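For reference, the structure is listed below as C-alpha cells.
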Amino acid sequence: MTTPIGDLNPVSDILTLLRVQGETFSDRIALEGGPEKLVSYRQLLNDVEHLAADTLVRIREKVVADKLRIAIVLPNGLEMSVALLAMASISAALPFNPTYTLNEFESYFADTGVHALLTKGSSILEARVAAERLGLMIIDLDDIKLDGSASSSNPKVAAPKPGDVALILMTSGSTGRPKKVPLTHRNICASADDVCRSLQLQPQDRCLNMWEQFHIGGLVDLLLAPLYSGGTVISTAGFDAGKFFELLQTARPTWFQGVPTSLGELVAYARRNELTPDRGDLRFIRSVAAALSPALMLEVENLFGIPIIQTLGMTEASPLIASTQLPPHHRKPGSVGVSCGTEIAIFDPNWNRITDGKSGNIAIRGDNVFSGYEDDAAANAEAFRDGWFRTGDMGYIDGEGHLFLTGRTKELINRGGEKINPREVDDAALLHPAVAEAASFSVPHPTLGEDIALAVVSRPNMVVDIGELRAFLGQKLAAFKIPRYVHIVDQLPRNAVGKIDRLNLAETYAAAQKAAAATNQNLNDIETRIAEIWAQELNVQKIGPADDFFRLGGDSLSGLRMFLAVEAAFSINLPPEALTGLTTVRDMARRVVEDGVPKSGAKPVQAGHMSESERHQIVAIMGMGRIPAIRPGSALKGVHRDGSRPPLIWFFNSPATEMLELSRYIPADQPLYGGYSGGKIFDRGEAKLMEIARLYLPEILEAFPTGELIIGG
C-alpha cells in the first residue's frame, strides 16, 4: 500500500499536489466517471497542465493583468474537476452555479471582476451571453483537447505560491448580499489535509461525489481531499437517490457526503421501494452544511449499518472546522465534534475569551482560515481580531474539547427582551415523530418587536397536528419560546449548499402577514359570526378572515365541533368536504353561501339506527386528512384500492392520522379501507357500536359483494 501524501510532507499548492501524486500513484485511478471514463493520476496531471498552459497562452493574447480571474461555468463531471484544478493553478478560479439566470451571471461577473469565462459549447447559454455583454474573453473547452496524453508538448506551468489566491467564492447569502471569499492555496491544501486525517482516508478509499462542484465542498471535501489521500473520486452529474443505490453495487464507493436533505431522500427512496440495501464497501457517510436531526441520523445509520460523521464548516474555513470521529472514538449527542486542525476558541461580545465552558461567539484561526472578505472593510472589522475570525456561530467547548453549537448570532430572536435561539426550537420540533424538517424564524410583532414562527415539513405518510405539536413543544421549551405561528410546508427554502434560508422564510411570512392585514379590514356579517365561533372554540381573543384554523391551534376534534357549530348557527348542512378543505374564516364563509343547504325537519330515527345528525358527523370526520373518501358523502376512506389482495377494512379512533400512519406499512398491492369506530365523539357502548355497524354494512356490501375481505379495528 502506498502512503498518502498527508502522511509525508504536506504540500501547499494544487499543482505541486498533482505533480507529487502523478509521480507517486501514476496509473492508479484518480477520477472515475463510469466504466468507460477512467482517469489515472498521470492522465489527470497531464490534462490539468495542458489546460492550464493552453488557457494561459490564449488569455495572455487578449488580457493584461497581474492577477488573473477566470470564471468557470460547467456542469458537474470530470471536465469540471479538471477545469477547477487547472484554473486554480494559474489564476483565481471562480466557479458559478450553472443554474443562474442571465441577470445573475452578468451581475456576479461584473461584481467579481473576472477577466474570462471558461465554459463548454452553448450548454449554458446564459453565462456565455453575460460574458459577451461584458466584453469578457470566452474560453471553450470544446476547443481544447483533453485526453491525458499531451504532456510532452505542454509548456511548463510554474507552480503557484502558497499565498496566491486559488479560489474566490461567494458566501451563501442567507443573511444578506453574498460576500466574496478569497482562499489561498495554503488555505485549501491545509483543509484537504484536515479532511484526510479526520476521515482516516487511504489510497484504497473511493469517494462518491454527487454534490455540486461550484462551492467549497465540491473542490476540497470531494476532490482535493480524496486526491490528497491517493484515493479515487467517483464523479457524477449530481444527486440522484436511485443512482446512489445503483452505484453502491457497481462503483463500490467507500464513503459518501451529502446534506441532510439528500440523506432524507435516501431514506425515503429506500422506504418507497421497500429496499434493504446492501451497503457494499461503504464504511461511513458524512453529513455537512446544515444541522442533522437525531431522528434522521438514526434512520440513516439503521438503514446502512454504518456511522454518520457530522461536521462544522464554512467557506471562510476552506471549509472544515470540526468533525465527529469514526468509531471507536466517542460521539457526544448534540456535538459537532472536535477540531480537525483549526484552533477554536469562545469569546464574549467584547472579544474577551471564555474558558469555563459557557456559551459565546465561536472564533477560529489556522492555515485553513481566510484572511478577509474582499471589498468589505466593515465586515472584516467586525469579524477579525488579533488573527481570530468570528464565525457568526454561538456555542461552547466542553472539558474534552467537544464543540456544541447553540445558534447563529444574527439569527437570535428578541421577543420583548427574551432572546430565543432558533436552533433550540428547531431541535425540539425535530423530536416530534411526525416532523421531518423544522426551521423557526423571526416575525414582526406590534408590541414585542419580534415573535417566533415555525415552518415544518411532515414525514412521508404522516400528518403534523399543529395544536398537538405546540403542546409537545410546551413540554420541552419555556412558554416564551413556543412559536406563535406554525406553518406546514412541502419543503423548506434552502440556498445552493443546502442551508435553510431563514431570511427567505421571514420575508415570505411578512409579505403574507401584510396581505392578511389588508384583508382583515373587510369582515362581512357571515365572516364576523364564523370568526366569533372560531375564537370561542380556540379560546383566541380575535380572529380575522385570513387566519388559518389549524395554524391557530385547531385540531381534528375542535375542527368538527367548530364545523357543527357553524351549521347550527346558520341552520344549514355543509358538505363533508367543507371540513376537509378548511383553511380560513373567509373560505368557510364562502362555503356557507355557496354550499350550505337549509336544514330540513328532523326525520324519524329507526330503532337501532343512527340519526342523520350523527351520520353527518361521521361523514365529516371521514372527510378529514390526506386520504380521501371513496366518493362524496361516503363514510369510508381508501388507499391502494387497485391492489390484488383481499381488502382490509379497519376502524380507527382518529381516521385522519391513524390510517395514514398504518398505510405506510401496507404493501402497495394491499387495499386498505378505513372507517370510524366512534372515537371520542360517541358513547362506546354496545348499542352505539351496533348503530355504527348498521351504518357501514350496506356500503361495505355494495362495494364488496363477494364478501372477500378482512375487517378489524
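Against the chain, whose longest principal axis is taken from its Cα atoms, helix 294-304 shows a tilt of about 70°. Taking a Cβ cut-off of under 12 Å around Ser644, the surrounding Lys, Arg, Asp and Glu residues balance to a net charge of -1, with basic ones at +1 and acidic ones at -1.
Calculated mean residue ellipticity at 222 nm for the chain: -10500 deg cm²/dmol, from DSSP H runs with n ≥ 4 weighted as -39500 (n - 2.57), summed, divided by the residue count and rounded to 500. Ordering Tyr396, Asn76, Leu44 by the projection of their Cα atoms onto the charge dipole of the chain, which places +1 on the Cβ of Lys and Arg and -1 on the Cβ of Asp and Glu, puts Tyr396 at the extreme positive end. For the stretch 614-713, GluC sites (Glu not before Pro) are listed when DSSP marks them as loop and at most 14 other Cβ atoms sit within 10 Å of their Cβ; the list is Glu708.
Of all the accessible heavy-atom surface of the chain, with the other protein chains kept in place and a 1.4 Å probe, what percent is carbon and sulfur?
Working: 15750 of 31470 Å².
On the chain, the fraction of accessible area on carbon and sulfur atoms equals 50 percent.
Electrostatic tally near Gly474: other residues with Cβ closer than 11 Å to its Cβ, Lys and Arg +1, Asp and Glu -1, net +2.
For the stretch 234-330, what percent of Cα pairs sit more than 23 Å apart? It works out to 23 percent of all Cα pairs.
Placing unit charges on C-beta atoms (Lys and Arg positive, Asp and Glu negative, everything else neutral), compute the dipole magnitude of the chain about its Cα centre in debye, rounded to 20. Mind dumping the intermediate values first?
Working: 69 positive and 85 negative charges, 121 e Å.
So the dipole magnitude of the chain works out to roughly 580 debye.
With +1 assigned to the C-beta of every Lys and Arg and -1 to the C-beta of every Asp and Glu, and no other charges, what is the dipole magnitude of the stretch 256-303 about the Cα centre in debye, to the nearest 20? Kindly include the intermediate steps, with their values, before the conclusion.
Details: 5 positive and 6 negative charges, 19 e Å.
I would put it at about 80 debye.
Considering only Ile530, Ala546, Phe304, and ranking their Cα positions along the charge dipole of the chain that arises from unit charges at the beta-carbon of Lys, Arg, Asp and Glu, the one farthest toward the positive end is Ile530.
Can you check what the net charge comes to around His330, using other residues whose Cβ is under 14 Å from the Cβ of His330 (Lys, Arg +1; Asp, Glu -1)? Mind showing how you got there, number by number?
Working: positive: Arg331, Lys332; negative: Asp398, Glu400.
Here the count lands on 0.
Please identify every one of the GluC sites (Glu not before Pro) in the stretch 394-491 that sits in a loop by DSSP and has no more than 11 other beta carbons within 10 Å of its own beta carbon. Loop-located and lightly packed - Glu400. Compute log10 of I(q)/I(0) for the stretch 72-121 with the Debye formula, placing one identical point scatterer on every Cα and leaving out solvent, at q = 0.31, 0.32 Å⁻¹, to two decimals. With no solvent term, the Cα-only Debye profile gives -1.32, -1.35.
Taking all protein chains as shown and a probe of 1.4 angstrom, Thr508 keeps an accessible surface of around 80 Å². The Cα trace of the stretch 380-474 gives Rg and Dmax of 16.6, 53 Å, the first to one decimal, the second as a whole number. The mean of 1/r over all distinct Cα pairs in the stretch 219-260, once inverted, gives the Kirkwood hydrodynamic radius of 11.3 Å. Coupling constants for the stretch 278-284 follow from the phi torsions by the Karplus curve (6.51 cos²θ - 1.76 cosθ + 1.60, θ = phi - 60°), and in residue order they are 8, 6, x, 9, 4, 10, 6 Hz; glycine and proline get x.
Residues in the stretch 105-116 carry Karplus couplings, in order, of 4, 4, 5, 5, 4, 5, 5, 8, x, 6, 9, 8 Hz; the curve used is 6.51 cos²θ - 1.76 cosθ + 1.60 with θ = phi - 60°, and Gly or Pro positions show x.
Take every Cα pair under 8 Å in the chain that's 6+ residues apart, average their separations, divide by the length, and report that relative contact order as a whole percent.
Working: 1336 pairs, mean separation 53.3, N = 713.
Worked out over the chain, it gives 7 percent.
Since only Gly113, Thr16, Val57 are under comparison, the one whose Cα sits farthest along the positive direction of the charge dipole of the stretch 1-122, derived from C-beta charges on Lys, Arg, Asp and Glu, is Val57. Candidate cross-link partners of Lys156 among the aspartates and glutamates, defined by an alpha-carbon separation under 17 Å and a same-chain spacing of 8 or more, comprise Asp13, Glu23, Asp47, Glu49, Asp54. Backbone amide hydrogens, once placed in the peptide plane, bring Val288 within less than 5 Å of Gly258, Val259, excluding anything fewer than 5 places away on its chain. Anisotropy class assigned to the stretch 293-416 is prolate, per the alpha carbon gyration tensor with a/c at or over the 1.5 cut-off and a/b larger than b/c.
Over the chain, accessible surface divided per residue gives 44 Å², non-protein components excluded, 1.4 Å probe.
Extent of the chain along its three principal axes (Cα atoms, max minus min coordinate, largest first): 100, 61, 56 Å.
For a 22 Å ceiling on Cα separation, which of these pairs sit above it: Lys179/Lys410; Lys476/Lys499; Lys67/Lys161; Lys179/Lys499; Lys37/Lys120; Lys410/Lys481? With Cα atoms farther than 22 Å apart: Lys476/Lys499.
Relative to the Cα centre, the charge distribution of the stretch 362-470, modelled as +1 at Lys and Arg Cβ and -1 at Asp and Glu Cβ, gives a dipole magnitude of about 180 debye. Counted residue by residue at 0.36 nm each, then reduced by the alpha carbon distance between them, the extension gain from Asn273 to Gln536 reaches 90.1 nm. Backbone phi angles across the stretch 38-49, fed through the Karplus curve with coefficients 6.51, -1.76 and 1.60 (θ = phi - 60°), yield HN-Hα couplings of 10, 10, 6, 5, 5, 5, 4, 4, 4, 5, 5, 5 Hz in residue order; Gly and Pro are listed as x.
The values are calculated or read from the model by the stated rules, or taken from the named source; none is laboratory data. Source: prediction; values computed, not measured. Here Cβ is always computed from backbone atoms with ideal geometry, including for glycine, and neighbour counts include all displayed protein chains. Areas reflect the complete protein model, heavy atoms only, side chains present, ligands, DNA and RNA absent. Shrake-Rupley method; radii C 1.70, N 1.55, O 1.52, S 1.80 Å.
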